[in-house]
Amino acid sequence: MVMRIDSPTPARHSISLTPLIDVVFILLIFFMLASSFAKWQGVELGVGQSQEVPQDQPELMIIQITANSGWQHQGSLISAEDMLQRLSQAREEAKALNIMLQPMKGSQVQSLADALGLLREQGFSKVGLVREAS
Amino acid sequence: MNRPLKIEQPAARSQPENTLPMINVVFLLLIFFMLAGAFKRPELLPVILPEAQGLQEFQREELLLLVGAEGKIAFDGQLLSLEQLGAQIALHQEQLQASGLQLKADADLDSQRLLDVVEVLAEQGITSVKLMAERFE
């Protein structure tokens, strides 16, 4: 008697890739939606002296921010360029320059951030925040 | 001359498209998003950050103070009033005094409200507040 052995089929059936692609697509979409590429950045704000304004310091500069994002110094409106010029001048004269931003009533955080960013760009990194005297 | 027109029969079955290059690309994209993207943390308040120049990059901290456009305050996963904020800050005082507090304030927030919040922080001895912003385009 001759034993007959079934030989295996030569070409194996390949695994279907479709379910795999489905899963990978779902993962891809999940990671695309759930991840954020926003940079974590901002400006530093010194708040140590927000309680009271230190008086009689020659190197203290108080910059007021008006409701329409203007800058005001010693009661008069001033352009940002003029202000930066004055600040650089004051920095040359006094070693420790103390800059305080004073947002006036009706001003918004955006104009405060503008001012802080501009000052930081010009190298005035220590800027405090102070409330308007009522 | 009457020759019969010969029309070539299209192949009965078109070859199935090769999906391997597509899978390769999709895998690459998947790996890119997995590695390069940090997970967004859900936040209690919608905050539109102000835009500014001269920004500094910070390490992402766990504790984040949110102040919405209407002045609502959220800290450490809960909505708080100004009075409650002081107590909550006090719980994390040491950590915050060392690292500073990251503050996300809405661009349209009234700055007087920001001053209120900042004064509460100063009472708790937090001297450095990082006002988060987006790069000015």
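Tabulated data for the structure shown
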| quantity | calculated |
| --- | --- |
| Evaluation of B:Gln124 against (1) over 26 Å from A:Ala38 (Cα atoms); (2) touching a Leu at 6+ places or on another chain (Cβ under 7 Å) (one fails), failing number | (2) |
| Which numbered condition B:Gly71 misses (of (1) surrounded by 17 or more Cβ atoms within 10 Å (Cβ to Cβ); (2) in contact with a Leu (Cβ under 8 Å, 6 or more places away or on another chain)) | (1) |
| All strands (runs of 3 or more DSSP E) inside the stretch B:1-112 with 1 or more residues being farther than 22 Å from B:Met132 by Cα and of a type in the set (S, T, N, Q) | none |
| Filter result for A:Leu33 (modelled with pLDDT of 85 or more, farther than 20 Å from B:Thr127 by Cβ and surrounded by fewer than 14 Cβ atoms within 10 Å (Cβ to Cβ)) | yes |
| For A:Gly46: the one exception among (1) at the interface with chain B (Cβ under 7 Å from one of its Cβ atoms); (2) modelled with pLDDT under 80; (3) more than 22 Å from B:Gly71 (Cα to Cα) | (3) |
| Cβ-Cβ under 6 Å pairs, at least 6 apart or on other chains, the stretch A:107-120 side at the interface with another protein chain (Cβ under 7 Å from one of its Cβ atoms), far side of a type in the set (D, E, K, R) | A:Gln108/B:Asp108 |
| In the stretch B:36-53, the residues that are farther than 21 Å from A:Ser35 by Cα, buried (at least 18 other Cβ atoms within 10 Å of the Cβ) and in contact with a strand residue (DSSP E or B) (Cβ under 7 Å, 6 or more places away or on another chain) | B:Ala52 |
| Subset of the stretch B:16-73 (residues that are more than 10 Å from every other protein chain (Cβ to nearest Cβ) and of a type in the set (Gly, Ala, Ser)) | B:Gly68, B:Gly71 |
| Residue in the stretch A:87-99 that is hydroxyl-bearing (Ser, Thr, Tyr), within 24 Å of B:Arg135 (Cα to Cα) and surrounded by fewer than 17 Cβ atoms within 10 Å (Cβ to Cβ) present | no |
| Matching entry among B:Asp76, B:Asp108 (being surrounded by fewer than 21 Cβ atoms within 10 Å (Cβ to Cβ) and within 14 Å of chain A (Cβ to nearest Cβ)) | B:Asp108 |
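The values are calculated or read from the model by the stated rules, or taken from the named source; none is laboratory data. Computed from a prediction, not measured in an experiment: that's the story for all the values here. Quick reminder, even Gly has a Cβ in these numbers, built from the backbone with ideal geometry, and neighbours come from all protein chains shown.
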